[in-house]
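A short write-up of the structure that comes next.
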Amino acid sequence: MAVAVGPLGIGTRAPVAGSRIAPWLACGVAALAGAVVIGILTGPAGLPLGGSLVEVADHVLPVDLDSGLTAAQATILWEIRVPRVLLGAAVGWLLAGAGAAYQGVFRNPLADPFTLGSAAGAGLGATLAIVYGPATGSWPLDPLPVASFAGALLAVAVSYMLGTGVDRSRSATSIVLAGIAVAAFFTALQTYVQQRDTDTVQRVYTWLLGRMSTATWDDVRLVMPYLIVCSGGLLALRRMLDVLRVGELEAAALGLHVARVRLAAVALATLGTAAAVSVTGLIGFVGIIVPHTVRLVAGASYRRVLPLSMLCGGAFLVLADVLARTLASPAEIPIGVVTAFFGAPFFLLVLRSRRRA
Amino acid sequence: MKHPWRPIALAVALLGVVGCGADRPDAAGGTPAPATTSTTTAAPLTMASSTSRAPGAATTSGPTAPSAPKRIVSLSPTATESLFAIGAGPLVVAVDDQSNFPAEAPRTELSGFRPNVEAIAAKNPDLVVIADDSAKLAEALGKLKIPVLVQLPAKTIDDVYAQIGELGTRTGRRSQADALTARMKADLAAAVAAAPKPSKPLRYYHELDDTYYTVTSTTFAGQLYRLFGLTSIADAADDGSGFPQLSAEAILTADPDVIFLADTKCCKQSARTVAARPGWSTLKAVKANAVVELDDDLASRWGPRIVEFARAVAAGLPRS
């Protein structure tokens, strides 16, 4: 399922500009597919490997197969493990893709899904909903994800307007600076509200720390439409992001409407970030490290960086979550600890080897 | 407007927001906060603060209290309950914002988690009781010559009795305190004696929040469960804290005989929400209606109401 919905749709359909992109995409697809298979086959429940594969095939393929798993094992596999693996793939895909887009738009290597205040805005929205929101048990829709989305979009909108408003040249730096200020302001508000109400402080913390451990099919279904819209939109912009790489004035001279490209890319990346953040909480690091690693290995063209970041981001987070689930089994390790602990040294290694070469 | 589609793009994005919410029935996760938060584990607050601290025996600091205090400030919900239970309630002039029992306790905005020395001193107390001194409150109040009694979260049931006894001694109500602890011991023994005796040892999952933080048998709550012959499914996952986070897979694989929910208030969980979780309806405890909804406060405090906690546990045990 993951393999079908995830990489193939984009990998095969993306117009191949230059013959050397296809091998890279094939590698990315293979990495993600491999990671998903590893993710599905490992976990604290220790299910039989062959049976697990047959069971997944039974669900995915239009044939009736007997996996030999007990009902309880089949439930664990299909209701707990598979959605968690797919959610990890989707969230890593979105965060890394958004990070690559932000870095391209702002021509700033430190831009990532959290630089523009979207995370702080999402946190403020969610905290407000938790602290002041009505009892939501009977509501047809939960206000929490809505509030976090609204907060993220508000923060980015404010950052964008302030950043472009103060500076006629619409330089990328001023938007990032505005984003940092907005993030600080929203974080201050969020902390204040959170500290005001100690009855709900635990719920707020739980939300902030993320919920990969409780992934369900509902989460996967929630994220998928955003993944398709954001990925499709960003990939459509990949050539313009390449033009933007040469510089804003130069890009404008080449006929590119810089502000429009920037707004479209920022809106798409923010939407993707907000979708990811609203289901799994803050998973830092993916949005910065994955696109940079891809750049170091495969080159800086966004025709490569964008799709490869998405594929590798998904693979990276699935593998990180495998470690989070199994290293201390049956206990969990926070996913952010794993991504940083294994990702940072790996990135430094790539950085060093490329510098030498 | 120079870029007429800027507001349109935002509006479209916001519409997407609403659409998304509708897809999603339960609470979501997400976050702001600096990236560093993602690397720290937060065990659930109320009990986690106990884990890394010295054994639960109480310690006093500051100048030795010369005579029985007349103006007590309690920043510990447990101590508040104990003070009122031994008849020292009239001496209590202020309690923290978490001290919601008994109802007549003079609840204020004071916080035990983020204590404000000036605000506490303004109550003009001659004894301050706290359950956590990570903020070095005892030292700060000591400079103001205000005695502080630190009663850390209990590690054992005997710690509970010792702390109540100490509160009795400090407030000149030792005999009431001794009577209370004697009654608690008797009630606890009676609750255990009256509880169903399963033919084989039962295993439980005690849920601290809806991300599956739990307790092991070595924690204070775990010891209460042990009185009933119960063992935690998390014992293999003990990370040293006593409060590990389990994966959903591990819980389903362990298939506990009984589930205790200590997150009915914080996280609005119930037997119904547990049964509705993907895959959980196959659990023995869910099928046997052995999902026990506890009061979060009862399950996280170590005062006189541990007897009520124990009775709730006993009442929830499957009768086989």
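The values are calculated or read from the model by the stated rules, or taken from the named source; none is laboratory data. For clarity, every value in this text was computed on a predicted model and none was experimentally measured. Glycine also receives a Cβ, built like all others from the backbone with ideal geometry; neighbour counts cover every protein chain displayed.
Taking the options B:GLY303, B:GLY242, name whichever one is touching a residue at least 12 places away in the same chain (Cβ under 8 Å), at positive phi and of a type in the set (Gly, Ala, Ser).
Within the list B:GLY303, B:GLY242, the selection yields B:GLY242.
May I ask you to verify whether B:TYR225 is aromatic (Phe, Trp, Tyr), away from every other protein chain (no Cβ under 14 Å), under 25 Å from B:LEU127 (Cβ atoms) and in a helix (DSSP H, G or I)? Show your work before the answer.
On the way: aromatic (Phe, Trp, Tyr): yes; away from every other protein chain (no Cβ under 14 Å): yes; under 25 Å from B:LEU127 (Cβ atoms): no; in a helix (DSSP H, G or I): yes.
Considered against the rule, which asks whether it is aromatic (Phe, Trp, Tyr), away from every other protein chain (no Cβ under 14 Å), under 25 Å from B:LEU127 (Cβ atoms) and in a helix (DSSP H, G or I), B:TYR225 comes out as no.
Since B:PRO244 meets every condition but one in (1) more than 11 Å from chain A (Cβ to nearest Cβ); (2) buried (at least 23 other Cβ atoms within 10 Å of the Cβ), which condition does it not meet?
Against the list (1) more than 11 Å from chain A (Cβ to nearest Cβ); (2) buried (at least 23 other Cβ atoms within 10 Å of the Cβ), B:PRO244 comes up short only on (1).
Hey, any hits in segment A:51-61 for a residue that's outside any helix (DSSP H, G or I), within 13 Å of chain B (Cβ to nearest Cβ) and surrounded by fewer than 19 Cβ atoms within 10 Å (Cβ to Cβ)?
no
Taking A:THR280 as the residue in question, decide whether it is under 17 Å from the mean Cα position of the chain (by Cα), among the polar types (S, T, N, Q) and facing chain B (nearest Cβ under 10 Å).
In short, yes.
Taking segment A:251-268 only, how many residues are among the basic types (Lys, Arg) and either more than 9 Å from chain B (Cβ to nearest Cβ) or crowded, with 24+ Cβ neighbours inside 10 Å (or both)?
Taking segment A:251-268 and keeping what is among the basic types (Lys, Arg), we get A:260, A:262.
Those left that are additionally either more than 9 Å from chain B (Cβ to nearest Cβ) or crowded, with 24+ Cβ neighbours inside 10 Å (or both): A:262.
Looking only at that region, the number is 1.
Being within 22 Å of A:ARG211 (Cβ to Cβ) and either part of a loop (DSSP other than H, G, I, E, B) or at pLDDT 90 or above (or both) narrows it down to one residue among B:PRO278, B:PRO304, B:PRO318; which is it?
When all the criteria are applied, what remains is B:PRO278.
Regarding segment A:305-314, can at least one residue be identified that is surrounded by fewer than 24 Cβ atoms within 10 Å (Cβ to Cβ), more than 10 Å from chain B (Cβ to nearest Cβ) and either of a type in the set (Phe, Trp, Tyr) or out of contact with any Leu (no Cβ under 7 Å at 6 or more places or on another chain) (or both)? Working first, answer last.
Here is the first cut: in segment A:305-314, the ones surrounded by fewer than 24 Cβ atoms within 10 Å (Cβ to Cβ) are none.
No, segment A:305-314 contains no residue that is surrounded by fewer than 24 Cβ atoms within 10 Å (Cβ to Cβ), more than 10 Å from chain B (Cβ to nearest Cβ) and either of a type in the set (Phe, Trp, Tyr) or out of contact with any Leu (no Cβ under 7 Å at 6 or more places or on another chain) (or both).
Please find, within segment A:39-55, the residue that is modelled with the lowest pLDDT out of those that are of a type in the set (Val, Ile, Thr) and touching a helix residue (DSSP H, G or I) at 6+ places or on another chain (Cβ under 6 Å).
Narrowing segment A:39-55 to residues of a type in the set (Val, Ile, Thr): A:40, A:42, A:54.
From the residues that got through so far, the ones that are touching a helix residue (DSSP H, G or I) at 6+ places or on another chain (Cβ under 6 Å) too are A:40, A:42.
Working: A:ILE40: 94, A:THR42: 91.
Only one residue fits best here, namely A:THR42.
May I ask you to say which residue of A:ARG260, A:ARG170, A:ARG203 is within 21 Å of A:SER159 (Cα to Cα), modelled with pLDDT under 80 and of a type outside the set (Asp, Glu)?
After applying the criteria, what remains is A:ARG170.
Can you report the number of residues in segment B:98-114 which are modelled with pLDDT under 90, within 25 Å of B:VAL160 (Cβ to Cβ) and surrounded by fewer than 22 Cβ atoms within 10 Å (Cβ to Cβ)?
Here the count works out to 2.
Is segment B:76-86 home to any residue that is under 14 Å from B:GLY303 (Cβ atoms), within 14 Å of chain A (Cβ to nearest Cβ), outside any helix (DSSP H, G or I) and without any contact (Cβ under 8 Å) to a residue 60 or more places away in the chain? Give the derivation first.
Applying the first criterion (under 14 Å from B:GLY303 (Cβ atoms)) to segment B:76-86 yields B:76-86.
Then drop every residue that is not within 14 Å of chain A (Cβ to nearest Cβ), which leaves B:76-77.
Of the ones still in play, those that are also outside any helix (DSSP H, G or I) are B:76.
Retained after the next criterion (residues that are without any contact (Cβ under 8 Å) to a residue 60 or more places away in the chain): none.
There is no residue in segment B:76-86 that is under 14 Å from B:GLY303 (Cβ atoms), within 14 Å of chain A (Cβ to nearest Cβ), outside any helix (DSSP H, G or I) and without any contact (Cβ under 8 Å) to a residue 60 or more places away in the chain.
Going through A:LEU124, A:LEU144, A:LEU86 one at a time, which residue ends up being modelled with pLDDT of 85 or more and closer than 26 Å to A:GLY314 by Cβ?
A:LEU86 is the lone residue from the list that is modelled with pLDDT of 85 or more and closer than 26 Å to A:GLY314 by Cβ.
Which of the residues spanning segment B:93-113 are over 17 Å from the mean Cα position of the chain (by Cα) and assigned to a loop (DSSP other than H, G, I, E, B)?
Answer for segment B:93-113, where residues must be over 17 Å from the mean Cα position of the chain (by Cα) and assigned to a loop (DSSP other than H, G, I, E, B): B:ALA103, B:GLU104, B:ALA105, B:PRO106, B:THR108, B:GLU109, B:LEU110.
Taking segment A:282-304 only, how many residues are crowded, with 23+ Cβ neighbours inside 10 Å and polar (S, T, N, Q)?
1
Across segment B:119-136, what is the number of residues that are modelled with pLDDT under 90 and away from every other protein chain (no Cβ under 14 Å)?
3
Filtering segment B:228-240 down to residues that are within 12 Å of chain A (Cβ to nearest Cβ) and crowded, with 23+ Cβ neighbours inside 10 Å, which residue is nearest to B:LYS284 (Cα to Cα)?
Here the residue is B:ILE233.
Considering only segment A:95-131, how many residues are farther than 14 Å from A:ARG245 by Cβ and of a type outside the set (Asp, Glu)?
25
How many of the residues making up segment B:131-160 are buried (at least 22 other Cβ atoms within 10 Å of the Cβ), in contact with a strand residue (DSSP E or B) (Cβ under 7 Å, 6 or more places away or on another chain) and among the small types (Gly, Ala, Ser)?
The number of residues fulfilling the criteria is 0.
Return yes or no: is A:LEU271 surrounded by 24 or more Cβ atoms within 10 Å (Cβ to Cβ), part of a loop (DSSP other than H, G, I, E, B) and within 14 Å of chain B (Cβ to nearest Cβ)?
So A:LEU271 does not fit the description; no.
Looking at A:ARG325, A:ARG295, A:ARG352, which one is basic (Lys, Arg) and more than 21 Å from A:ALA35 (Cα to Cα)? It would help to see each step written out before you state the result.
Numbers: A:ARG325 fails: more than 21 Å from A:ALA35 (Cα to Cα); A:ARG295 fails: more than 21 Å from A:ALA35 (Cα to Cα).
None of the other options fit; the residue is A:ARG352.
Residue under question is B:GLU207, and the condition is that it be charged (D, E, K, R), surrounded by 24 or more Cβ atoms within 10 Å (Cβ to Cβ) and modelled with pLDDT of 95 or more; does it hold?
Numbers: charged (D, E, K, R): yes; surrounded by 24 or more Cβ atoms within 10 Å (Cβ to Cβ): yes; modelled with pLDDT of 95 or more: yes.
Yes.
How many residues are among the acidic types (Asp, Glu) and touching a residue at least 12 places away in the same chain (Cβ under 8 Å) if we restrict to segment A:24-74?
Of the residues in segment A:24-74, 2 are among the acidic types (Asp, Glu) and touching a residue at least 12 places away in the same chain (Cβ under 8 Å).
Applying the selection to segment A:208-252, what residues are part of a loop (DSSP other than H, G, I, E, B) and within 26 Å of A:PHE106 (Cβ to Cβ)?
A:GLY210, A:LEU237, A:ARG245, A:VAL246, A:GLY247
Please determine, by comparing only the residues of segment B:247-273 that are of a type in the set (A, V, I, L, M, F, W, C) and away from chain A (no Cβ under 12 Å), which one is farthest from B:ALA103 (Cα to Cα).
Residue satisfying both the conditions and the ranking: B:VAL258.
Given the condition more than 24 Å from A:VAL37 (Cβ to Cβ), within 16 Å of the chain's Cα centre (by Cα) and not in a loop (DSSP other than H, G, I, E, B), answer yes or no: does some residue in segment A:300-315 qualify? Full working, then the answer.
Within segment A:300-315, the subset more than 24 Å from A:VAL37 (Cβ to Cβ) is A:300-306.
Subset that is within 16 Å of the chain's Cα centre (by Cα): A:305-306.
Keeping just the survivors that are not in a loop (DSSP other than H, G, I, E, B) gives A:305-306.
Yes; the residues of segment A:300-315 include at least one that is more than 24 Å from A:VAL37 (Cβ to Cβ), within 16 Å of the chain's Cα centre (by Cα) and not in a loop (DSSP other than H, G, I, E, B).
From the set of residues in segment A:324-345 that are outside any helix (DSSP H, G or I) and among the small types (Gly, Ala, Ser), which is nearest to A:GLY46 (Cα to Cα)? Don't jump to the end; show me each part of the working.
So in segment A:324-345, the residues outside any helix (DSSP H, G or I) come out as A:327-334.
Checking the rest, the ones that are also among the small types (Gly, Ala, Ser) come to A:328-329, A:331.
Working: A:ALA328: 14, A:SER329: 10, A:ALA331: 14 Å.
Among residues in segment A:324-345 that are outside any helix (DSSP H, G or I) and among the small types (Gly, Ala, Ser), the one nearest to A:GLY46 (Cα to Cα) is A:SER329.
Can you tell me which residue is surrounded by the fewest Cβ atoms within 10 Å (Cβ to Cβ) among those in segment B:272-299 that are within 19 Å of the chain's Cα centre (by Cα) and over 16 Å from B:TYR212 (Cα atoms)?
Filtering first and then ranking leaves B:ASP295.
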